[in-house]
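So the structure is just underneath, and the comments pick up after that.
The values are calculated or read from the model by the stated rules, or taken from the named source; none is laboratory data. Note that this is a predicted model, so its numbers are computed, not measured. Here the Cβ positions follow ideal geometry from the backbone for every residue, glycine too, while neighbour counts run over all protein chains shown. Accessible surface is based on the protein model in full, side chains and every heavy atom, while ligands, DNA and RNA are left aside. Shrake-Rupley method; radii C 1.70, N 1.55, O 1.52, S 1.80 Å.
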Amino acid sequence: MSRFIQLVGRDIRLAFRQGSAVTLSLSFFVIIVVLFPLGVGPELAVLARIGPGVLWVAALLSCLLTLDRMFQADFEDGSLDLLIIGPLPTEILVLAKVIAHWLTSVLPLIVIAPILGLSLNLPGDGIFALTLALLIGTPTLSLIGAMGAALTVGMRRGGVLLSLLVLPLYIPILIFGVAAVDAAIAQLTVVPHLFLLGGVSLGALVVGPLAAAAGLRLSLS
Amino acid sequence: MSFIAQNLACQRANQLIFEDVSFTLSAGEAIWVKGRNGAGKSSLLRICGRLLTPFRGHAEWQGKDIFKDYDGYVGQYHYLGHLDALKHAMTVRENVRFWASFHGTANVAMALEKFELQALADTPTGMLSQGQKKRTNLSRLVASPAKLWILDEPLSALDRHYITLFKERLLRHLDDGGMALFATHQDMELDRVKILDLDETAS
């Protein structure tokens, strides 16, 4: 357990020292969301209608931006070899990487999402549901992403292939996530959508580390 | 305490690199793997470090297959490869401490001292020269004890002083009942070392 925490701690420390992962995905997220009002015009009704979808799609894309580095950095400097032959099972190793990725690249997006929601004229209920849905749904983005990252580790320019592998698998999260916010805006009950999101997340929690570990073994052999 | 390799064969990209490589390593022994470029030195070491599965043959640690029943083998060896496994944004001390405690116990201060790294302890490894990076990596070996050292080119980028120093550490390790399996192109006078020449076994 202490090894698990050490590994997560190391990745978080590295992310903040290098700074690029956190600021990159965060500024990408903000810029995408800010571009939309410029593109579709400043009508408040239109913005409120497309707001939930815009925020979710922007979150998916920003998450994707840092995904390819999840194992790549460790692969390039030889750390991945040492981690794989170390005492932690590969599945647990993947889980540690996923947690570090979520904390450094996705959590900052969730923190800033309410402010961006306001700028898209989302009502208070919608913003609350959005934050909750992001918190429940986004761990899946890192978990599913880990599978793609594991399969493309060691590939030059694997990032594009990674997007093609992973984005289709993000569709359920997008659908349930947007549905939750829409329901909240329409004053309907949000809970079923959140349950569905939670279900997908739990499923990914089981499948993700297993599949990513198998992918890593495949890529490294 | 023994490591036994039997009839190992390695295949990369549908080409047989070596076959029928067998050796036994017991406590206090070292094996120097020699061979021309591409003879499969690194591949052999990676097989012994469980990073590559052999095409044929098997390897045992304490009588147990290292690929099927590896629980007893994990944590008993250090693998040091071509890549330095150092994070450039972290200091020498942080890097050594992370790997040592990930491996098990950490005796970082002693390890840094053994390779004369105290003055560099708080320097980010991104600022180090190749030789200094190598020493940081070597200090990993002593920061947490392991019976078997698998070393791929441990001497590259080291100057004469540190080669001597490394030899002392290696001999101390063997005296304490450790084992070593290493490949290097540099000449190193070392008694008690067996030589495994991959050119002779190659077909």
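Quick notes on this structure:
- Residues of segment A:165-221 that are polar (S, T, N, Q) and touching a residue at least 12 places away in the same chain (Cβ under 8 Å): A:Gln187, A:Ser201, A:Ser219.
Residues are listed down the side, and each one gets a yes or a no for (1) open to solvent by 10 Å² or more (accessible area, probe 1.4 Å); (2) closer than 16 Å to B:Lys114 by Cα; (3) part of a strand (DSSP E or B); (4) modelled with pLDDT of 90 or more:
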| residue | (1), (2), (3), (4) |
| --- | --- |
| B:Gln132 | yes, yes, no, yes |
| B:Thr136 | no, yes, no, yes |
| B:Leu141 | no, yes, no, no |
| B:His173 | yes, yes, no, yes |
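- Check on A:Val178, at pLDDT below 90, farther than 18 Å from A:Ala214 by Cα and either among the β-branched types (Val, Ile, Thr) or more than 14 Å from the chain's Cα centre (by Cα) (or both): no
- Some residue of segment A:123-135 being outside any helix (DSSP H, G or I) and either among the polar types (S, T, N, Q) or touching a residue at least 60 places away in the same chain (Cβ under 8 Å) (or both): yes
- Boolean, B:Glu94 is more than 9 Å from chain A (Cβ to nearest Cβ), open to solvent by 30 Å² or more (accessible area, probe 1.4 Å) and among the acidic types (Asp, Glu): no
- Residues that are touching a His at 6+ places or on another chain (Cβ under 8 Å) and aliphatic (A, V, I, L, M) within segment A:165-213 comprise A:Ala179, A:Ala180, A:Ala183, listed in sequence order.
- For segment B:71-89, a residue qualifies if it is closer than 17 Å to B:Phe115 by Cβ and either of a type in the set (Gly, Ala, Ser) or more than 7 Å from chain A (Cβ to nearest Cβ) (or both), and the qualifying residues are B:His78, B:Leu80, B:Ala85.
- For the residues A:Leu61, A:Leu95, A:Leu38, A:Leu67, the requirement of being touching a helix residue (DSSP H, G or I) at 6+ places or on another chain (Cβ under 6 Å), open to solvent by 30 Å² or more (accessible area, probe 1.4 Å) and more than 14 Å from chain B (Cβ to nearest Cβ) singles out A:Leu95.
- Segments classed as helices (runs of 4 or more DSSP H), wholly inside segment B:1-115, with at least 3 members that are touching a Ser or Thr at 6+ places or on another chain (Cβ under 8 Å): B:92-103, B:108-114
- Residue list for segment A:9-31, restricted to those being open to solvent by less than 60 Å² (accessible area, probe 1.4 Å), among the polar types (S, T, N, Q) and within 14 Å of A:Met70 (Cα to Cα): A:Ser25
- Qualifying residue in segment A:79-91 (condition: within 14 Å of chain B (Cβ to nearest Cβ), surrounded by fewer than 16 Cβ atoms within 10 Å (Cβ to Cβ) and under 20 Å from A:Ala212 (Cβ atoms)): yes
- Checklist (1) facing chain A (nearest Cβ under 8 Å); (2) open to solvent by 20 Å² or more (accessible area, probe 1.4 Å); (3) within 16 Å of the chain's Cα centre (by Cα) applied to B:Ser101, failing item: (3)
- Which listed residue is open to solvent by less than 20 Å² (accessible area, probe 1.4 Å) and touching a residue at least 40 places away in the same chain (Cβ under 8 Å), from B:Leu86, B:Leu117: B:Leu86
- Looking across segment B:74-98, the residues that are closer than 15 Å to A:Arg17 by Cβ and among the basic types (Lys, Arg) come down to B:Lys87, B:Arg93.
- Residue that is over 25 Å from B:Arg46 (Cβ atoms), of a type outside the set (Asp, Glu) and part of a helix (DSSP H, G or I), where the choices are A:Leu161, A:Leu188, A:Leu218: A:Leu161
- Residues that are more than 20 Å from the chain's Cα centre (by Cα) and charged (D, E, K, R) were ranked within segment B:12-30; the one that is modelled with the lowest pLDDT is B:Arg12.
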